[in-house]
Amino acid sequence: MKIAIAGKGGVGKTTLAGLLARSYADDGYRVLAVDADPDANLASSIGISSEQLEGIEPISTMKKLAKERTGASEGYGSLFILNPKVDDLPERFCVHHKGVSLLLMGTVDQGGSGCVCPENTLVRNLMKHLLVGNDEVVILDMEAGIEHLGRATAESVDVLIVVVEAGKRSLQTAAQIEKLASDIGIRNIAYVASKVDGDADREFIMSSVPISRFLGMLSMHEQIRGADRQGSSPYDAGGDILVEVQSIRRSLNDLLGRKASQH
């Protein structure tokens, strides 16, 4: 199963990604979690310490590796390989914790004109390998722009989960994400509400997102805020958080089952 998660910055998408990764791993699945957000925080959400990440850098910043794999030379306009070898990279650069393998992907600054450069080529080919040639549960923590995903990989994403909170700005970002996703061919787009605090938030969310594609809610738990302060995983706090995550997973299975029966 390939799950991409996106949403407005600070909405709680990384918390959801970490919770889902740990939940699937606890049920015996092989899980690969990919941090494709430039503001990389997925490690702490999974429960990986800063000491475990010592010396690990995002793939997108490995200029030397990108040049070696693509055969690029110095200078503007140099020729390089567009399909470099990438299948060995996850094993080389993953960090493992509680049954979850974490890969720091990062993002390439494309500026206003796009970037056809060795780093971007390496990242895009690695993303294609992870989504097309991988039999694990893959969870992608994306930024709002989802630019790592293109038409070559979109069809391999089983679902894009857009995380929202009870606010207009969050919903505006969600609408932009849904349009981008539809433009590149992602068929299954679902919603999860985060930081839900009381009936007013619930009513606002339920009146603002498509109910048929709504997977569930993560409440405003003190355990989540406490884990954030400590740099630990909210999954380890247990309690109602795990109940909500399991409910989201059941809704996700139902959604994908319905979509599969329609094709």
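Just a few scattered comments:
- Summed over region 152-167, the residues that are assigned to a loop (DSSP other than H, G, I, E, B) and either of a type in the set (A, V, I, L, M, F, W, C) or over 17 Å from Thr15 (Cα atoms) (or both) give a count of 6.
- Qualifying residues in region 1-11 (those that are surrounded by 24 or more Cβ atoms within 10 Å (Cβ to Cβ) and of a type in the set (Gly, Ala, Ser)) - the one farthest from the chain's Cα centre (by Cα): Gly7
- Pairs linking a residue in region 41-69 that is on the phi > 0 side of the Ramachandran plot to a residue that is modelled with pLDDT of 90 or more and crowded, with 18+ Cβ neighbours inside 10 Å, with Cβ atoms under 7 Å and 6 or more positions apart or on different chains, are Gly47/His97; Gly47/Ser233; Gly47/Tyr235.
- Extreme residue, surrounded by the most Cβ atoms within 10 Å (Cβ to Cβ), among residues of region 234-263 that are out of contact with any helix residue (DSSP H, G or I) (no Cβ under 6 Å at 6 or more places or on another chain) and under 17 Å from Gly47 (Cβ atoms): Leu242
- For region 130-151, the candidate set comprises residues that are touching a helix residue (DSSP H, G or I) at 6+ places or on another chain (Cβ under 8 Å) and in a helix (DSSP H, G or I); within that set, the residue that is modelled with the highest pLDDT is Leu130.
- One residue stands out among those in region 38-70 that are of a type in the set (Val, Ile, Thr) and in a loop (DSSP other than H, G, I, E, B): the one that is nearest to Asp236 (Cα to Cα), which is Ile48.
- Considering Ser194, Ser170, Ser182, the condition of being surrounded by 15 or more Cβ atoms within 10 Å (Cβ to Cβ) and not in a strand (DSSP E or B) is satisfied by Ser170 alone.
- Exclusive hit being closer than 15 Å to Gly7 by Cα and either of a type in the set (Lys, Arg) or touching a residue at least 40 places away in the same chain (Cβ under 8 Å) (or both), set Ser194, Ser233: Ser194
The values are calculated or read from the model by the stated rules, or taken from the named source; none is laboratory data. All values reported here derive from a predicted model rather than from experimental measurement. All Cβ positions, even for glycine, are placed from backbone atoms using ideal geometry, and neighbour counts span all protein chains on display.
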